[in-house]
Amino acid sequence: MHIQFLGGVETVTGSQHLVEAGGRRVLRDCGLFQGKRDEARAINTQLRCPSATLDAVVLSHAHIDHCGNLPSLARAGYAGPIHATHATVELAGVMLRDAARIQEQDAAYLNQKTNRQGLPAVTPLYTAADAEAALKLFQGHRYGDTLEAAPGIRVLFQDAGHILGSAVNVFTLAENGRQARVGFAVDLGRKDLPIIRDPEFMSDLDLLVLESTYGDRLHDDVASAEEELGTAINRTLARGGKVLIPSFALERAQEILYHLANLFRSGRVRKVPVYLDSPMAVELTHIFGRHRDCFDAETQALLGQLGGILQPGWVQLVSTVEDSKKITARDEPGIVIAPNGMCEHGRILHHLKHGIGNPANTVLIVGFQAGNTLGRRLVEGAPRVKIFGDEFMCRAEVLTLHAFSAHADRNDLLAYVRKVRPRRIALVHGEPDIRAALAQTLRAEQTAPVLEPKTGEVVEL
Ligand SMILES: [Zn+2]
C-alpha cells in the first residue's frame with residue numbers, strides 16, 4: 001500500500017495523488033498545472049499516471065487546479081468513474097466547459113502565429129468534446145458517504161469548508177489483512193467562511209496529506225471582511241463613485257453577494273444597484289441555489305429572511321455583452337462584480353478601462369494577485385496601467401481586503417493537526433520555503449513526524 005505524490009506537491013497548482021492498494025489504483029484529483037505557457041503545456045500534456053491503469057478517480061472540489069486536467073485523462077482513454085460530491089459534479093461541469101473553451105481559444109491564437117511562420121499547428125491541450133467525455137464519468141455523492149472506489153480502497157467524503165461541494169477524503173486501504181488510513185486535506189478551508197459549513201475533522205489517520213499554501217502566514221479574521229467591505233463601499237458611494245470588484249466566478253463572487261445581502265439587510269450600506277457581470281458567475285450562482293443542503297446555519301437562516309440570498313431582487317445578473325456595455329457606460333453609483341479575479345481577461349477589463357481614471361471610484365481587490373498580472377500592478381500602486389493596449393491613469397482608489405481567503409492559514413492548519421492527531425503528516429501544495437516554514441512549526445510542536453515529499457516520490461503505508 002502506498003501513495004505517490006504526482007502533482008501540486010512543491011507548488012500550489014496541478015494537484016494529483018495516486019493511492020495504491022492490492023494492485024488497485026485510485027487517483028485523487030487531476031488538476032491543471034498553471035504557470036508559464038510552455039512549462040504548463042509540457043506538464044499538463046504528459047499525464048504522470050497512465051489512464052489505462054486507473055480504477056477510479058476521486059475529486060475533492062471544482063477548482064481548476066484540482067479538476068482542470070480531467071479532460072486530458074478522458075482524452076487519453078480513461079473511462080472509469082470520477083467520484084465527487086453532488087455540488088462538485090455540477091460546478092465542475094461549468095468549470096471544465098469554460099476551461100476547454102480557453103484551451104481551444106489559446107491554441108487558435110497560437111496557430112495564427114504558427115501558420116504565418118509555416119510551423120506545425122498547435123493542438124489544444126483538450127477540447128470541449130474531451131471535457132464532455134470526462135463529465136459523463138462523474139458520479140455524485142453526499143457528505144458522509146463512503147464508497148468502494150476499488151476493491152480494497154474505500155473513500156469517505158467529509159466537508160472541507162473551502163468552497164461549495166469541497167471535500168476532505170479519508171482513504172481506507174486494505175491489503176493482505178493489513179489496513180491503513182490516509183486523509184487528504186487538500187484544499188482545506190477556514191472556520192466561519194460565509195455560506196458553507198466549517199471543515200470537518202478526519203480521524204484515526206496513519207497519514208495526513210495536508211496543504212501548506214499559507215503555512216507561514218495569518219489571514220485577517222473572516223469576521224472583519226464584511227465590515228471592511230461595508231466601509232469601502234460607503235466611502236465610495238459618498239463620493240458618488242462605483243465600486244468595481246474583480247472576482248473569481250466561483251465562490252468569491254457568491255461570498256461577496258452574501259456579505260452585500262447582510263450589509264443591505266442591516267442598513268449598514270444603502271441599497272444601490274449591484275451587477276454580477278459574468279454568464280459563468282451567474283450560472284455558478286444558480287448552482288449554489290440548488291445546493292442549499294451544503295449551506296451553514298447562518299446562511300440557512302438568511303435564506304428564510306431574504307427568500308434566496310444568492311438571487312435576490314437587488315442583484316442584476318448580467319449575461320449578455322449588450323447589457324454589460326450598458327452598465328459600463330452608466331456613471332451612477334453602484335457595485336460591479338466581474339471576473340477575472342486577477343484582471344487578466346474577462347469583463348472586469350471593460351469596467352476598469354472606463355472607471356480606473358475616475359477618483360470617485362474604488363477598485364476592491366478581494367483575491368490573490370499573481371505576479372505579472374494587471375491586478376498585481378494595481379495592488380502595487382502603479383500610476384498608469386495598460387488595458388487592451390491603451391494606457392490609463394490610475395486615479396481610482398485601489399483597496400485590498402486581506403480577510404478574503406478560502407484557504408486555512410498557519411493557525412488553522414495547526415489547529416486542524418492538533419485535533420486530527422495523525423500518526424504522520426505529508427505537506428504538499430505549497431511553495432518550498434512556505435512548506436518548509438510550516439514543517440518547522442509542526443516539528444516544534446512535536447505533533448507527528450512531518451514529511452516534505454518531492455514530486456513523484458512514493459511513500460509506503
Ligand atoms: Zn481550491
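A compact table of results
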item	result
Degrees, to the nearest 10: 86-117 long Cα axis against longest axis of the chain	80
Extension gain (nm, one decimal) between Asp198 and Thr320, 0.36 nm per residue minus Cα-Cα	40.4 nm
Net +/- balance of residues flanking Ile287 in space, Cβ distance below 14 Å, scoring K and R +1, D and E -1	-2
Anisotropy class of segment 16-108 from Cα gyration tensor, a/c 1.5 cut	oblate
Over 27 Å (Cα to Cα) - which of Lys271/Lys326; Lys191/Lys325; Lys36/Lys326; Lys136/Lys191; Lys191/Lys454 fall in this group	Lys191/Lys325; Lys36/Lys326; Lys136/Lys191; Lys191/Lys454
Charge dipole magnitude, Cβ of K and R +1, D and E -1 - segment 241-280, Cα centre, debye nearest 20	300
Cα lying deepest toward the dipole's positive end in the chain, options Gly389, Gly144, Gly215, charges on Cβ	Gly389
Antiparallel content of DSSP bridges confined to the chain, in %, to 5	50
Contour excess over end-to-end distance, with Cα ends at Gln46 and Glu332 and 0.36 nm allotted per residue	97.9 nm
Square roots of five times the Cα gyration tensor eigenvalues for segment 222-400, Å	26, 17, 15
222 nm mean residue ellipticity, helices alone, for the chain (DSSP H n ≥ 4; -39,500 (n - 2.57); rounded to 500)	-10500 deg cm²/dmol
Leading residue at positive end of dipole, segment 327-461 (Cβ point charges), from Gly371, Pro432, Gly355	Pro432
Radius 11 Å from Cβ of Asp204, net charge of other residues (Lys, Arg +1; Asp, Glu -1)	+2
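Readers should treat all values here as calculations from the given coordinates under stated rules, not as data from a laboratory. Please read these numbers as outputs of a predicted model, since none were measured by experiment. Neighbour counts run over all protein chains shown; Cβ positions are idealised from the backbone, glycine included.
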